[in-house]
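Data first, discussion second: the structure below is written as structure tokens.
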Amino acid sequence: MLRILQRYCWFFLCALASLSCALPSANYLKKNTPVFKVREVKLTHVTPVMLTFTMSVSLSNRYSFDIPFTALSADLYTMNNELLCTTRVTNAVLIPAGQELVLPAIIDVENASLIAMVKDLLRASRIKLTARGEAVVGVEGVQVPLPFFHTFSFAVPMPPRVKVLAIGIDEFNPVSQRLSLQAMLAVERGGTNSAIRSLSYTLTLNGMKVLAADDRNVRCVRRDDTTDTVELMMHVDAAAVKEILRGFLRDRRLSYQFALTVVSADPSGVEQTVPYLFEGQTK
């Protein structure tokens, strides 16, 4: 009986020794703490009510086992220490042993937060901001925070400026109920060479919405071109033509409301979305 008990004790001690060898030591965990870095923060999209930044981050797993990247939180501050926004990402991603993972994080600065940047926007060609926060990884069941601090600067490029030169009736056939209009737009370059990626517009005639379209023919506005002319041909549905025919026959012109959204991009890839609203009468 004593011999059997000694044998079980021996097996238990061997198993315990094997388990202790398999578990990483505290010194190993501390020495090989994962490395988190903010590679860059870039302005990627501009609208009148929002700035969108893309923060590229990397996390290097120096352990001999996989670890989960469980959360990322980031606060954006002006150089006067005014908080602009907070973003948090909680999608867990597994990082294999000995590998580095690069991920993007989207940060939106909206509405009221932009007011804190107005003075800087007016007096400087580039603006400095600070990103602070922490990444969280799981190590042996423990959530380990990895704090970061990153200062960056950006410039807000000037988008092309658009105005309506004229909207005229190109063809109006009451019999076939066909109405075609021609819109002439003047596009003035912004601060840099730009490419207009899309023109989205809606047309309202005599108070009735008759057309909605999206033109994605890319147009370049070069630095040496002060003004470029863009022509849009718009064909109104026959059912809408019937409704507005009476007003046209009486006045020989139509009142219009032309809502236009211009999406452009500068050479660095920053997209800008600018809405316009024009009102007048057809010629």
Out of L19, L29, L59, sole residue that is farther than 17 Å from F154 by Cβ, at pLDDT 90 or above and within 51 Å of the chain's Cα centre (by Cα):
L59
Please enumerate the residues belonging to region 237-268 that are under 20 Å from L43 (Cα atoms) and out of contact with any strand residue (DSSP E or B) (no Cβ under 7 Å at 6 or more places or on another chain).
P267, S268
Somewhere in region 221-236, is a residue more than 17 Å from E188 (Cβ to Cβ), assigned by TED's automatic domain parsing to the domain that holds Q182 and at pLDDT below 80?
no
If a residue must be of a type in the set (V, I, T) and at pLDDT 90 or above, how many such residues does region 62-85 contain?
2
From the residues in region 257-283 that are among the polar types (S, T, N, Q) and either modelled with pLDDT of 85 or more or not in a loop (DSSP other than H, G, I, E, B) (or both), which one is farthest from S194 (Cα to Cα)?
Q281
In the same structural domain as T273 (by TED's automatic domain parsing) and buried (at least 16 other Cβ atoms within 10 Å of the Cβ): does that describe A212?
no
Give region 53-76 a look and list any residue that's in contact with a strand residue (DSSP E or B) (Cβ under 7 Å, 6 or more places away or on another chain) and of a type in the set (G, A, S), or say none.
S56, S58, S60, A71, S73, A74
When the residues of region 102-158 are narrowed to those that are assigned to a helix (DSSP H, G or I) and either of a type in the set (G, A, S) or at pLDDT 80 or above (or both), which ends up farthest from the chain's Cα centre (by Cα)?
A112
Here is a list of conditions, (1) assigned by TED's automatic domain parsing to the domain that holds V262; (2) out of contact with any strand residue (DSSP E or B) (no Cβ under 8 Å at 6 or more places or on another chain), and A166 meets all of them except one; can you say which number that is?
(2)
Picked from region 177-197 (must be over 17 Å from V236 (Cα atoms) and hydroxyl-bearing (S, T, Y)), the residue modelled with the lowest pLDDT is T192
Here the qualifying pairs (Cβ atoms under 9 Å; residues six or more apart or on different chains; first in region 159-174 and at negative phi; second surrounded by fewer than 13 Cβ atoms within 10 Å (Cβ to Cβ) and of a type in the set (A, V, I, L, M)) come out as D170/M233; P174/L249
Cβ-Cβ under 7 Å pairs, at least 6 apart or on other chains, region 57-74 side in contact (Cβ under 8 Å) with a residue 12 or more places away in the chain, far side outside any strand (DSSP E or B) and of a type in the set (S, T, N, Q):
N61/Q99; R62/N32; Y63/N32; I67/N61; A71/T90
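The values are calculated or read from the model by the stated rules, or taken from the named source; none is laboratory data. Model, not experiment: these values are computed from the prediction. Using ideal geometry, Cβ is built from the backbone for each residue, glycine included, and neighbour counts are taken over all protein chains shown.
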